[in-house]
Amino acid sequence: MLCVLSLGAAAFGARAAAPAAAPAAAAAPEALAAQLRDAALAGHDIAYEWVSELTSRFGPRPAGSVSERQAAEWAAARFKELGFENVHIESFPITAWVRGTESAQITSPVTQPLVAASLGESPPTPAAGLEGEVVTFASFDALKAAPADSLGGKIALVARRMVRTQDGAGYSAAVDARIDGPGEAARRGAIAFLVRSVGTDSHRLAHTGTTRYVDGRVPVPAFALSNPDADQIERLAALGQKVRVRLYSSASYVPDAHSQNVIADVRGRARPQEVVLLGAHLDSWDQGTGAVDDGTGMAIITAAATLIRDAPQRPRRTVRVVLFGSEEPAQPVAPYGAFGGHAYAGNHKAELASHVLAGESDSGADRVYRLGLPQAALQGEFARTALRVLGPIGVLAAPRAPEEAGTDIGPSVEAGVPAFVLYQDASGYFDIHHTADDTLDKIDQEQLDQNVAAWAALVWLAADSDVDFRTHGAPPPQP
Ligand SMILES: [Zn+2]
């Protein structure tokens, strides 16, 4: 660990230059992509060093915080040292949310402590806390079916369990209760909202996460309960007990805060105005150190772009790395979320027509198992070449184009930029996602390197091609 931390920029550069330096300048794109893949697998260390130093130096990086800004400045300096071009920071205003002290306990039938965490943007409780009877709903639909005013003075709990899946679909299926639950509960008169953690572990850790503003505010104090604590309340209710809970939070808002995106380019050798955009987010939730969400995403795309930069031949198009700020929290005013992604799409509106492809890494640190390409490129020579290079590291074709490619690149994709997804195995990701347990020790370096290999090879192929991913998957003319 110490030696990792003591590695400075020179070591980054030296390591980056070594393994990829073998091929001749005239290597065919496929051969060079394979060499980048193999260089990453050979234990390049760039990615692990990045996430290790980032999480050790700055710890948690909540949107709008000093640590988020300092981490952005550190990342920009690192990009310059690594030899990236056009390195700069683009700031934008946000309302920052700050967790205060908080507590939760069952007060009746007998006092018991609960493990809970305020959801992001949740307002504080009154200074004396609040207390009410818990009404438990087995599903979010059941809460939404409850009559108006049926929760007056009470605390709503949605206790639905998240399902573990490889592709993360269990999260998408469960997260609506966390996001829209406070609004639905408040509409029925509830004084507070509880949600069973949207996570797959059985540890006594609460999974925080964003929730939605309604008319400029999150309407009631809202907390996630750890899975075992949600079980406890469900069992008490099943025993016919009336459960009362006491909640306290001193959360607060900083309305004039700033967040920022960090931008760094590997300039293309022939068509530099055409951009392949790689995104990940620099902010994190506040209780862990944001190692797998999304320190590893940043590390993966930075390491892949560094390998491409140090290859014997630059790709024809520009590879742009964007570390987005303020991905996690919602905001009280439009566009309501993904502020970094919206700020980028707004600042670079005129350039988006020449953004040829975009991808985002934000599903943890485990291996990539599937490649999703834009509809126009699903068939054809580009896909066949990419899969020949990625097949040996266990990446197969997704049967259809991605329906969603990521939060940060979302606004750019909505503006017409085609997107790819390198799907990661998310089976274990939601055990630690948005908890205090999101720390560096959870990262398997071999799996991290496999991600870098997949990103470096695929991004090289896309950036060196002249495939129009918007309209067709025609192969680039071979040199
Ligand atoms: Zn994330």
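Please treat every number below as a calculation from the coordinates, not as lab data. Just so it is clear, the structure is predicted and the values come from calculations on it, not from any experiment. FYI the Cβ positions are ideal-geometry reconstructions off the backbone, even for glycines, and counts take in every protein chain you see.
A few comments on the model shown:
- Highest-first arrangement of 276-283, 132-139, where packing means the average Cβ count within 10 Å: 276-283, 132-139
- Separation between Cα centres of the range 446-460 and the range 185-235, rounded to whole Å: 36
- Which of 139, 44, 206, positive extreme of dipole for the chain (C-beta unit charges): 139
- Our analysis of the range 129-189 gives Rg over Rh at 1.04, with the two radii drawn from alpha carbon positions and Rh computed by the Kirkwood formula.
- Filtered GluC sites (Glu not before Pro), the range 364-440: DSSP coil and at most 15 other beta carbons within 10 Å: 403, 404
- Rounded to the nearest 20 debye, dipole of the range 100-250 from Cβ charges on Lys, Arg, Asp, Glu: 200
- Viscosity 0.890 mPa s, temperature 25 °C, Stokes-Einstein D of the range 100-250 from Kirkwood C-alpha radius, µm²/s: 163
- 14 Å beta-carbon shell around residue 263, net charge (K/R +1, D/E -1): -2
- Unit charges at the beta carbon, dipole of the chain: most positive-side option, 461, 429, 171: 171
- Rounded to the nearest whole angstrom, the semi-axes of the ellipsoid equivalent to the range 193-285, taken from the Cα gyration tensor as √(5λ), stand at 43, 19, 11, largest first.
- Acute angle (nearest 10 degrees) that the helix 381-390 long axis makes with the longest principal axis of the chain, alpha-carbon atoms: 70
- Taking every alpha-carbon pair within the chain, the share separated by more than 32 Å comes to 40 percent.
- Nearest-20 debye value, the range 236-303 charge dipole, Cβ charges on Lys, Arg, Asp, Glu: 300
- Considering only beta bridges that DSSP places wholly inside the range 100-250, some 55 percent are antiparallel.
- Percent of Cα pairs exceeding the 12 Å cut-off, where the set is the range 413-452: 72
- Anisotropy class of the range 324-479 from Cα gyration tensor, a/c 1.5 cut: oblate
- For the range 271-339 versus the range 112-133, the gap between their alpha-carbon centres in whole angstrom: 34
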